[in-house]
Amino acid sequence: MAQQKTFSSIIAAEEKERTRIAKELHDGLGQILSTARLNVAALEESVPMEDEKILKNSLRLLDNAVNEVRIISHDLMPGILTQVGLFAAVRQLCNSINEAKQIKVEYTFPESEKRLNAALEISVYRIIQEILNNMLRHSEATKINMSINWADHQLQLKISDNGKGFDTSKIHESKGIGWKNVFSRVKFHKGEIKVESNLGSGTSVKIKINPENE
């Protein structure tokens, strides 16, 4: 019980810090960059012809910076997660991956996209986010399939890819915090997780969490 309370405090502090940084990026740095862009754009009518290329390049760089800040801020704490819920946030996450056209994510959700408690929604979103990031970075896959459904009062999640696979016996030896966070969050919510993978035949992650245990 004490360990669970400690982990709960760590997760709460982590999410609070994510929210703070996201707000600082969006409201602070984002606004500064947007204002800088407006000031630079105001020079378009007066800049000498030989400097037009430099001006256009500066505007492009500022546009890229504003976009990067928006993406990072959204990854830290997507507003749609707290406003509309888990399923809308995951749908947006998948669509943003598909827009990059590097890998295709196909997903299915249950007919009942009911809200969960806030802490569980954040945890499930972080779990999905971490698994997708791992697949994007390491799997060399061209396709990811994800399904979320309700069965036996449980939220059941399955994410699989057609990538190169890996040796799952070494998963707990990973030096990165990604898989550690996934397993810790599932354990915290008294859920079950199963990772299946073989070299050359992709990876499948299955998770079951009962919201009634919250």
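The values are calculated or read from the model by the stated rules, or taken from the named source; none is laboratory data. Because the structure is predicted, anything quoted here is derived from the model rather than measured. Every residue, glycine as well, gets a Cβ built from its backbone with ideal geometry; the counts of neighbours run over all protein chains shown. Side chains are part of the model used for accessible areas, which takes the heavy atoms of the whole protein and leaves out ligands, DNA and RNA. Shrake-Rupley method; radii C 1.70, N 1.55, O 1.52, S 1.80 Å.
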Quiz prompt | Test: Glu130 is under 17 Å from Val195 (Cα atoms) and charged (D, E, K, R) | solution = yes
Quiz item: Restricting attention to the range 109-138, and to residues there that are of a type in the set (D, E, K, R) and within 12 Å of the chain's Cα centre (by Cα), which single residue is nearest to Arg185 (Cα to Cα)?
Solution: Arg126
Quiz item: Of all the residues that make up the range 105-159, how many are of a type in the set (Gly, Ala, Ser) and within 14 Å of Ser204 (Cα to Cα)?
Solution: 3
Quiz item: Only one of (1) among the charged types (D, E, K, R); (2) more than 20 Å from Ile80 (Cα to Cα); (3) modelled with pLDDT of 85 or more; (4) open to solvent by 70 Å² or more (accessible area, probe 1.4 Å) is not met by Arg115, so which one is it?
Solution: (2)
Quiz item: What number of residues in the range 119-146 are open to solvent by less than 30 Å² (accessible area, probe 1.4 Å) and assigned to a strand (DSSP E or B)?
Solution: 2
Practice problem: State whether the residues of the range 168-176 include one that is modelled with pLDDT of 85 or more and charged (D, E, K, R). | Solution: no
Quiz item: What pairs can you find where one residue is in the range 78-90 and among the aliphatic types (A, V, I, L, M), the other is at pLDDT below 85 and open to solvent by 10 Å² or more (accessible area, probe 1.4 Å), and their Cβ atoms are less than 7 Å apart, with a gap of 6+ or different chains?
Solution: Ala88/Ile80; Ala89/Ile80
Exercise. Could you please give the count of residues in the range 48-79 that are loosely packed, with under 14 Cβ neighbours inside 10 Å, at pLDDT below 85 and among the hydrophobic types (A, V, I, L, M, F, W, C)?
Key: 2
Self-check item: From the options Thr108, Thr82, residue that is out of contact with any Pro (no Cβ under 8 Å at 6 or more places or on another chain), open to solvent by 70 Å² or more (accessible area, probe 1.4 Å), closer than 29 Å to Asn210 by Cα and modelled with pLDDT of 85 or more
Solution: Thr108
Quiz item: Between residues in the range 92-115 that are free of Cβ contacts under 8 Å to residues at least 24 places away in the same chain and residues that are open to solvent by less than 60 Å² (accessible area, probe 1.4 Å) and in a strand (DSSP E or B), which pairs lie under 6 Å by C-beta distance while being six or more apart or on different chains?
Solution: Asn98/Val105
Quiz item: When Phe7 is evaluated against the numbered criteria (1) open to solvent by less than 70 Å² (accessible area, probe 1.4 Å); (2) modelled with pLDDT under 85; (3) farther than 30 Å from Asp161 by Cβ, which criterion, by number, is the only one it fails?
Solution: (3)
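Residue-by-condition table, conditions (1) open to solvent by 40 Å² or more (accessible area, probe 1.4 Å); (2) among the charged types (D, E, K, R):
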| site | (1), (2) |
| --- | --- |
| Ser169 | yes, no |
| Glu173 | yes, yes |
| Gly178 | no, no |
| Asn181 | yes, no |
| Gly191 | no, no |
| Ser204 | no, no |
